[in-house]
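As structure tokens, the structure follows; a few thoughts come after it.
The values are calculated or read from the model by the stated rules, or taken from the named source; none is laboratory data. In this text the structure is predicted, and so the values were computed from the model without any measurement. Cβ placement follows ideal geometry from the backbone for every residue including glycine, while neighbour counts extend to all protein chains displayed.
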Amino acid sequence: MSEPSAPSERTPEPLAEQSATQRRARSRWLRVGLPALLGALIALVFGVTTATADLSLGPHEARYDVTTDSVVTVDLGPLGTLQLDSPLPLTLGVHVTVEEIPDSFTAVDAATTLEVLSGDLQGYLQFFAGPQATVHDATQALLTDAVRRSLGAFAVLALAWWGGRWLMGRGRREELAERVAPHARQITGGVLVVSLGLGVLTSSLGEAARPQPEARVSSVFDGTPLEGARVTGRLGGVIDTYGGYVVDAYRSNTAFYDQAESALQVAWRERETLIEQAQAQAGPSVRLNAGVPAAEQNLDEGAGEATGEAEGEEGATPSPTATPTPSEDAAERSEPITLVVISDLHCNVGMAPVIRSLAELSQAQVILDAGDTTINGTAVEQYCVTTFAQAAPAGVPIVTSPGNHDSRETSAMYARAGATVLSGEVVEVAGLRILGDRDPNETRIGAGTSSADTETAAEMGARLAETACADPDGVDLLLIHTPRVGQAALDEGCVPAQVSGHMHRRSGPSMTGEGVRYVSSSTAGASSGQATVGPLNGIAEMTVLRFDPDDRRLLDYQVVQVGTDASVEVGPRVAWPSLSPLLTRPRSPLLVPLG
């Protein structure tokens, strides 16, 4: 029996190939993967810790800088600072340098400027009432800047890396790689530590390492979003003396709109109960020629009250009389599209939760903002448009036609926050085809009203009419801030309905030209000579519209009023005026006989 042969001392070929593959993979990692990872880490730390943004804080311009001290510091210069624990992860914080109130936010002459600045309490109240919008805007801006800086830093590092490789040459690179390979882990860790350290140095010293003035927690902010804030310097005395006024105003504002929101919930349920009872009595077979169940009409005593028009108001149109017709098969009809109309908000962010509640209660698919969302169209009013954009329930789009108190800047902010800003073209939202554009005029505090562009109101009206008439699919609704701008389109019969604002007084719906015009009142309760921020100084109105997607026409409208005592009145559904068959344009698929 022969003895087994001794094992070969030579490495088997498969193992040798495997070892070579591993060496090549490690070499590629050292040449490309490791430098790329380190470069990305360094660029990310640099981008995040040096991010900055120029935004606003209340009526002030402000600069936001990322820090690494776990504190949000609002720096008011010689007055001192206000400090809050940072909600950001790791040890990130933010340093906010509060700057001056911009000239564009106040008047140009001293007398009027003093009058405007005397309302500063209301201006700061806007910030107190909607701090979430400011936080959202600052976070988005800082993230955008961090990404931009990180990509820029990575590009610089990549260019430096490839430039260095080219200068060294292949032979020198391979020699260096062999020497570095055994120490790859230590080098990676060292570079990471250094990059983190540099990130801290480029943003700020840690909280423990930097000199801190004496800070104390101010009890003035208890029960507000700034509860627990610490103040330093003379700011503490200012807050102790005057802060109570602002906080009292904040609490009054919050209580008022909480009460209004609760009253809306109750009033809406009561109206729905009335509708259900009337429907049960009338039966499903009786319908109005405008597509509204007869049971939903004239639920209050007196037909005049059921029209939803203010007593003695111009342009009021009585609702059509009930005409019983055979009920159509419900399975063959689409559900109406519900719209909520708001207008002339003028930065009254207190109404935001009330608008949201109405959108939820009515199950609205679209919110129509007829413009003048801000007071003066300035950059510091970004938190206003952000607050209103966030008021929309999830999945409910906002479509807006900017007003004369808005600007291209605030409209761009509204668009970034998620709103659809009309710009002269037809847009389709939730199955509804809407046309509109920004107002041709601009109104600024202290400077009056002037043309926003080279186009006059008449020229814009003619352009919109031409766009509507030329659209092969037709236009369901013209949304424009100033009512007269839509006159040409109504006269031409190219739009069946127009919704506007601007007048701070409701009128219509009424036949105008060959269509129906509806002018919404102010959703901020805007009254002449009165502030639009804080508890209402006038009646605030919103309107619920229903649109029939099968017949391409509005069915009815329902006015919701919020009073100066936070009470809420939900009006009945009132039939939208019917277009006469004689006014129907045969070429348009939208204007069809309603009988």
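Here are some notes:
- Filter pass, Leu555 being of a type outside the set (D, E, K, R) and under 28 Å from the mean Cα position of the chain (by Cα): no
- Summed over segment 446-474, the residues that are over 27 Å from Arg546 (Cβ atoms) and either crowded, with 18+ Cβ neighbours inside 10 Å or among the aromatic types (Phe, Trp, Tyr) (or both) give a count of 3.
- Flag not set for Val426, criterion: crowded, with 22+ Cβ neighbours inside 10 Å and over 20 Å from Ala391 (Cβ atoms).
- Counted as qualifying within segment 390-500 are no helices (runs of 4 or more DSSP H), as none has 3 or more residues that are aliphatic (A, V, I, L, M), at pLDDT 95 or above and at positive phi.
- Check on Leu339, in contact with a Leu (Cβ under 7 Å, 6 or more places away or on another chain), outside any loop (DSSP other than H, G, I, E, B) and farther than 24 Å from Gln259 by Cβ: yes
- Of all residues in segment 394-416, those being in contact (Cβ under 8 Å) with a residue 12 or more places away in the chain and touching a strand residue (DSSP E or B) at 6+ places or on another chain (Cβ under 9 Å) number 14.
Quick grid of which residues meet (1) modelled with pLDDT under 95; (2) touching a His at 6+ places or on another chain (Cβ under 6 Å); (3) surrounded by fewer than 15 Cβ atoms within 10 Å (Cβ to Cβ); (4) closer than 30 Å to Cys469 by Cβ:
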residue	(1), (2), (3), (4)
Val533	yes, no, no, no
Met542	no, no, no, no
Gln558	no, no, no, no
Gly563	no, no, no, no
Leu590	yes, no, no, yes
Pro593	yes, no, yes, yes
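- Selection within segment 475-529: residues that are among the basic types (Lys, Arg) and under 23 Å from Val340 (Cβ atoms). The member of this set that is surrounded by the fewest Cβ atoms within 10 Å (Cβ to Cβ) is Arg505.
- Among the candidates Ser118, Ser104, the residue that is buried (at least 16 other Cβ atoms within 10 Å of the Cβ), of a type in the set (S, T, N, Q) and either modelled with pLDDT under 75 or out of contact with any helix residue (DSSP H, G or I) (no Cβ under 6 Å at 6 or more places or on another chain) (or both) is uniquely Ser104.
- Flag if Gln281 is at pLDDT 95 or above and surrounded by fewer than 23 Cβ atoms within 10 Å (Cβ to Cβ): no
- Residues in segment 483-509 that are in contact with an Asp or Glu (Cβ under 9 Å, 6 or more places away or on another chain) and polar (S, T, N, Q): 1 in all.
- Residues that are surrounded by 15 or more Cβ atoms within 10 Å (Cβ to Cβ) and at pLDDT 80 or above within segment 237-264 comprise Asn253, Thr254, Phe256, Tyr257, Gln259, Ala260, Glu261, Ala263, Leu264, listed in sequence order.
- Some residue of segment 363-383 being out of contact with any strand residue (DSSP E or B) (no Cβ under 9 Å at 6 or more places or on another chain) and part of a helix (DSSP H, G or I): no
- Taken together, the residues in segment 263-285 that are within 12 Å of Glu569 (Cα to Cα) and of a type outside the set (Phe, Trp, Tyr) amount to 8.
- Qualifying residue in segment 417-426 (condition: in contact with a His (Cβ under 6 Å, 6 or more places away or on another chain) and in contact (Cβ under 8 Å) with a residue 40 or more places away in the chain): no
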